[in-house]
1. State the number of residues belonging to region 44-70 that are assigned to a strand (DSSP E or B) and surrounded by fewer than 18 Cβ atoms within 10 Å (Cβ to Cβ).
2. Within region 25-38, count every residue that is closer than 25 Å to residue 135 by Cα and crowded, with 18+ Cβ neighbours inside 10 Å.
3. Condition first: touching a residue at least 24 places away in the same chain (Cβ under 8 Å) and either in a strand (DSSP E or B) or within 21 Å of the chain's Cα centre (by Cα) (or both). Now tell me which residues in region 81-91 satisfy that.
4. When residues of region 102-148 are filtered for being under 20 Å from the mean Cα position of the chain (by Cα), over 19 Å from residue 41 (Cβ atoms) and of a type in the set (Ser, Thr, Tyr), how many remain?
5. So, of the residues in region 72-86 that are of a type outside the set (A, V, I, L, M, F, W, C) and surrounded by 13 or more Cβ atoms within 10 Å (Cβ to Cβ), which turns out to be nearest to residue 60 (Cα to Cα)?
6. Are there any pairs with C-beta distances below 6 angstrom linking a residue in region 118-141 that is under 17 Å from residue 105 (Cα atoms) to a residue that is assigned to a strand (DSSP E or B) and of a type in the set (Val, Ile, Thr), with the two at least 6 apart or on different chains, and if so which?
7. Is it the case, given these coordinates, that residue 94 is in a loop (DSSP other than H, G, I, E, B), within 19 Å of residue 43 (Cα to Cα) and not aliphatic (A, V, I, L, M)?
Amino acid sequence: MGIRVCILSLILTFALTTMSGARPVSYTGGSTMMYFSDNLKESVYYHYSPSYKYSLGLEWLKDKVQNENYAYLRYTHLMNRKNTKNSQRNLYFQSGISSKGLNKNFIGMHGDWETRRVFAGFGLKHVQADVKDYTEEYIQLGLAPYLGDYGDLHTWILIKTKRNSLTNEWNSYPVLKLFKGNFMVELGYDENDEWDAHLMYRF
């Protein structure tokens, strides 16, 4: 666990000192690399967006529930986006088919709404697995402690509440979200679920 913390700290330090520009936004022809880690999985995910409306990608995954490694061919579709003078909202459909076969897959939705000061997000995902199907869900709420200008480091302090149907327990914990330029990182820690990490770089 100590090595993982050191690696994430080094990646974060390097990225925040080298990136500049506005917050990440999906765009036609863009690519994205992501890293995820929580109590259910650890994965690296690449996707390409032929259009701002959808993306196609490949996720290499260590499944901590099934104790095996495999890949997902993934499709994500932007169902709704609304920009106003003071806020933005997004709603996405997500899906994946495993390299282990068509009977191992997932579908879900996730979305967010934010102003420069307030952030709210949610996710719902149903995973069909060999041994036992399960569902994941989460809600995030947070505030920006300061309002950054274009090109600044932007910070959110969030509370994340999540549950999976395997344990059927809700857990809540703090999450720190930072983004600058094309890089974003979310780090949270729950004493039951350990680290919850999401790193993203667009190019």
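1. Of region 44-70, the ones assigned to a strand (DSSP E or B) are 44-51, 54-63, 68-70.
Filter once more, so that each one left must be surrounded by fewer than 18 Cβ atoms within 10 Å (Cβ to Cβ): 44, 46, 48, 50-51, 54, 56, 58, 60, 62, 68-70.
Count: 13.
2. Looking only at region 25-38, we keep the residues that are closer than 25 Å to residue 135 by Cα, and these are 33-38.
In the following step, the residues that additionally are crowded, with 18+ Cβ neighbours inside 10 Å were identified as 36-38.
Counting residues in region 25-38 that are closer than 25 Å to residue 135 by Cα and crowded, with 18+ Cβ neighbours inside 10 Å gives 3.
3. From region 81-91, those touching a residue at least 24 places away in the same chain (Cβ under 8 Å) are 86-89; that's our starting set.
Those that are touching a residue at least 24 places away in the same chain (Cβ under 8 Å) and either in a strand (DSSP E or B) or within 21 Å of the chain's Cα centre (by Cα) (or both): 87, 88, 89.
4. Looking only at that region, the number is 1.
5. Of all residues in region 72-86, those of a type outside the set (A, V, I, L, M, F, W, C) come to 72, 74-77, 80-86.
Remaining after also requiring surrounded by 13 or more Cβ atoms within 10 Å (Cβ to Cβ): 72, 74-77, 81.
Details: 72: 7, 74: 11, 75: 14, 76: 16, 77: 20, 81: 28 Å.
Selected residue: 72.
6. 126/107; 126/135; 134/127
7. On the way: in a loop (DSSP other than H, G, I, E, B): no; within 19 Å of residue 43 (Cα to Cα): yes; not aliphatic (A, V, I, L, M): yes.
Taking the combined requirement at face value, the residue does not satisfy it.
Each row is one residue, and each column tells you yes or no for (1) closer than 27 Å to residue 88 by Cβ; (2) modelled with pLDDT under 50; (3) in contact with a helix residue (DSSP H, G or I) (Cβ under 9 Å, 6 or more places away or on another chain); (4) of a type outside the set (Val, Ile, Thr).
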| position | (1), (2), (3), (4) |
| --- | --- |
| 8 | no, yes, no, yes |
| 12 | yes, yes, no, yes |
| 20 | yes, yes, no, yes |
| 27 | yes, no, no, yes |
| 33 | yes, no, no, yes |
| 59 | yes, no, no, yes |
| 63 | no, no, no, yes |
| 70 | no, no, no, yes |
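The values are calculated or read from the model by the stated rules, or taken from the named source; none is laboratory data. Quantities reported herein were computed from a predicted structural model and do not represent experimental measurements. Here the Cβ is made from the backbone with ideal geometry for all residues, glycine too, and neighbour counts use every protein chain on show.
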